[in-house]
1. Out of curiosity, is LEU90 at negative phi and either surrounded by 10 or more Cβ atoms within 10 Å (Cβ to Cβ) or modelled with pLDDT under 60 (or both)?
2. Mind checking whether some residue in region 44-56 is among the aliphatic types (A, V, I, L, M) and either touching a helix residue (DSSP H, G or I) at 6+ places or on another chain (Cβ under 9 Å) or modelled with pLDDT of 90 or more (or both)?
3. Of all the residues that make up region 17-31, how many are in contact with a Ser or Thr (Cβ under 8 Å, 6 or more places away or on another chain) and polar (S, T, N, Q)?
Amino acid sequence: MGASPLRHSNREWFVDRRAPDRRLQVTWHTDHRTAVLSTWQGDTCTSTFQLPIEDTARLIAHLAGGLSAATGETVPAPRRIDDGWRVRLLRRFRRDRADVLPFRR
């Protein structure tokens with residue numbers, strides 16, 4: 001599969017090598033903390049999947065693991081995103097006076 005020349009700042013297209021009119025589009029929606037994967041047949045969107053930003057590292061790790069197995073190269077395990085915000089949050093609560101944090105889900 002290769003990337004299509006159709007590319008925008010938050011959008012990437014991938015063409016199915018078995019059927020060039022079948023494509024996968026990936027877009028970022030930072031306001032919703034989501035990546036949307038959509039399957040297209042020609043000019044028609046046939047399905048979408050909303051991937052929470054917290055799960056993207058796991059998807060990337062899975063793809064990197066498959067790429068590593070296919071090429072015989074080792075890929076370092078990614079740092080878990082969850083660990084970072086949890087550690088920062090705990091540090092703030094351990095201070096004498098905690099800052100007020102906006103909680104976004």
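1. So LEU90 does not fit the description; no.
2. Yes: region 44-56 contains one or more residues that are among the aliphatic types (A, V, I, L, M) and either touching a helix residue (DSSP H, G or I) at 6+ places or on another chain (Cβ under 9 Å) or modelled with pLDDT of 90 or more (or both).
3. The number of residues fulfilling the criteria is 2.
The values are calculated or read from the model by the stated rules, or taken from the named source; none is laboratory data. The structure presented is a predicted model; accordingly, all values stated were derived computationally and were not measured. All Cβ positions, even for glycine, are placed from backbone atoms using ideal geometry, and neighbour counts span all protein chains on display.
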